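Worksheet: one structure, shown below.
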Amino acid sequence: MAKPGFYNDNRNRAYPIVFCPEKMLLNCDGTLHDLPDDVFVDFGALMGLDSEYVEASHIVYLANICRIEDVFIFEFRSTAPGTFGRSLFFTRNLEDELYVTEDVEDAEEATSLCSLSLSSFSSDDLVAGSIPSLPSLSSSISSEISLASDDCPEEPVWSGYLVTGTMATLATILPSGCTLSAGTGDVQVEPALIRSLIGHYARTLNLANDDRTRADAPDGCDPLVYEFATGETYIQAECLVGQPRLKAGYNATIFQDDLENSITIGAGVGAGEGEPCEEVPLFDEEVPPAGRTTLDGAERCNDTVRSINGVGGRILNLQTGIGASQINLPDLHKIVIDVDMSGLATCFDEQTDGASGSFDSC
Amino acid sequence: MPEILHPEWRRHNEPTKYPFAENATLRSGNNLILNELFLDAIFYPVGNAGNLRLSVVEIDHDSTTIHIGTPTVARLASGEFNQFDPPSEVRFTDSLGRAAGVIVSEPIRLSIFQSWAVGTHTFTAAQSAFAATVSIPSPEIGLRGIVLEDGTLFTGDVWLVGDDGVVLSKEEVEVPTVDCDQGKRLTRPIIRVDIVGDTLFRRRLCSPGVLFNTPRYVKQITFIEGNNRFTCTPDILGDIKMMAGNHLAEDTVLRVRTTEDGIKIESVGERTDIG
């Protein structure tokens, strides 16, 4: 009696694989084999934000099936650049019931269960049946992933599910210790079983500040020395998730338009928290360079001579009149002013010491 | 003739309306969508709440654009291909370029659009609704992305970077939970925006640096009189006072006075050049 149904139909056709006869190479004897129809009955993959998957350009395909004793390991790969080196591994036992469903996330190929399993156990182990159970194999991979995680929320590059039929037919062509392999795209998964999340949501917000314009030392002066690398983009915060809020700080305005679902950030003198009394650092550890008091290394207004007796400007004229003479020594940064009373009627001939001033500009 | 009991997936779909719903008429005016035109499909445009349909087919002289839509949004996403070199898969994206799905067919099947009249052909839900299984609901919940005024969309891990005098920083704020009686407070991140300017922006405008030479400002003046040295730095306003006389000689003849363009140092007294 026929057993109509989606899974049952799929046990009798290549689906979820695009039909592809004799594309799998058995490494033990170099023969080509069909992938038995009754191995897979359904498959689906979810391509994450980092997968770089593009529909109609990239594919998902079965790369390897290896067998250790009664354990079958299926490795699926994708041609999407972001999934390079990261595969989906599914494991089944020869005695598994029909339609076992398994959801997995990607794992590094370096920790491929096939290579790990085939290289880690001797023939004695195989004979003795000391192969670790499936959960322990899976957990060894999971722990390696968790060690690599950082503060950001861990998210798989891609993930998928596999529903299988029977392993009996596969077992007749794949001896224990051997691997069936297919070339890139030879055993392709139906494209309509792949769903991409690329561009579908904002995962995290991250904050950074580009460097400010920093002062340079004048030619001939020692360069300014900072305790950190300059010219960088400085990270302020990473991986903001949940419900972050925006706050108008110094001279800032934030306007929220619920109708347009928009936020406008603007500037206005004295807006927000007003004008700052101190410089706002780009990152927590930012300090002025050695010998300076400003974060950008520039001179403060009162660090330079802006005027003498209230007379300022880019060029200040210093003149001597009657009774005083002036000797200019630019190379020595020196002006000698000699109050020699020249031109004046004096009743003594005592020599007056010259007074001079030197200017320091560094 | 032997019957294939379990045809391959695509062969199985070929004579059926799939990926359209069984009750779709697949006809709009003189335009008929043949059963074998599409073999498979999946759609997951952002904002899709279900009930997707093939809404519009735009035929140009050399291209075909297929739009899918919902009862409320006729053009939710689209896929375009060259009429004279049709692909085997048509990729769909929405107006912001986000992935929205794929139609699986064959070039020979898609080439049938060459026989459609140039123009816009619309379809109703009754005519071209997709089967529910190919329409993945993707409600627009949470922060889907950030769109700039020019339409640029940012998704994934979005970086906000302060520049040109804008400084971004993170603060934490405690907010009460919904159940205020419990007194519990949650810590939520705040993105603080400070607009403080870039003090040396003129130098940046003069970049590369060859256009700007750092000036050598006068920072202090050293007065030397004989063996005495006095180094003066500017006051809070950057000014240095230079005066004649001191507490020992209040009646000095020396004068330091300001002129229109500077400082003049001179003495006063009976001049020898006056008769």
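Bear in mind that the values in this text are calculations on the coordinates, not laboratory data. Predicted, not measured: the structure shown is a model, and the values here were computed from it. Cβ atoms come from the backbone with ideal geometry, glycine included; neighbour counts cover every protein chain shown.
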The protein assembly as shown - mean residue ellipticity at 222 nm from DSSP helices (-39,500 (n - 2.57) per run, n ≥ 4, rounded to 500): -2000 deg cm²/dmol
Filtered hits (aspartates and glutamates, Cα-Cα < 13 Å from B:Lys184, offset >= 8 within chain) -> B:Glu174
Once label points are set 7 Å from the Cα along Cα→Cβ at both B:Asp85 and A:Asn328, what is their separation, rounded to one decimal in nm? 7.5
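Just checking the output field for A:187-199: average partner chain Cβ neighbours within 10 Å of each residue's Cβ?
Partner Cβ neighbours, averaged per residue: 6.
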How do the peptides A:83-90, B:99-106, A:31-38, A:219-226 rank, highest first, by the average count of neighbouring beta carbon atoms within 10 Å per residue? B:99-106, A:83-90, A:31-38, A:219-226
What order do you get for A:157-163, B:225-231 when each peptide is scored by the mean count of other beta carbon atoms within 10 Å, highest first? A:157-163, B:225-231
If packing is taken as the average count of other Cβ atoms within 10 Å, what order do A:60-68, A:253-261 fall into, highest mean first? A:60-68, A:253-261
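I'd like the mean, over residues of B:92-99, of how many other protein chain beta carbons sit within 10 Å of each residue's own Cβ.
Values: counts 2, 4, 2, 0, 1, 2, 6, 10.
Taking the mean over all residues of the peptide, I get 3.
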Sparse-neighbourhood loop sites, chymotrypsin sites (Phe, Trp or Tyr not before Pro) in segment B:1-88 - DSSP loop, at most 12 other Cβ within 10 angstrom: B:Phe84
Between A:Tyr226 and B:Asp163, what is the label-to-label distance in nm when each label sits 7 Å out along the Cα-to-Cβ direction? 1.6
Over chain B, what is the relative contact order in whole percent, taking alpha-carbon pairs under 8 Å and six or more residues apart? 14
For A:Lys334, list the lysines whose Cα falls under 26 Å from its own Cα; do not include residues on the same chain fewer than 8 positions away. B:Lys219, B:Lys241, B:Lys264
Determine the shielding of peptide A:243-256 by partner chains: average, over its residues, the number of Cβ atoms on other chains within 10 angstrom of each Cβ. 5
So, over other residues within a Cβ distance under 11 Å of A:Thr264, counting Lys, Arg +1 and Asp, Glu -1, the net charge is -3
Relative contact order of segment A:205-303: what whole-number percent is it, with Cα pairs under 8 angstrom and at least 6 residues apart? 30
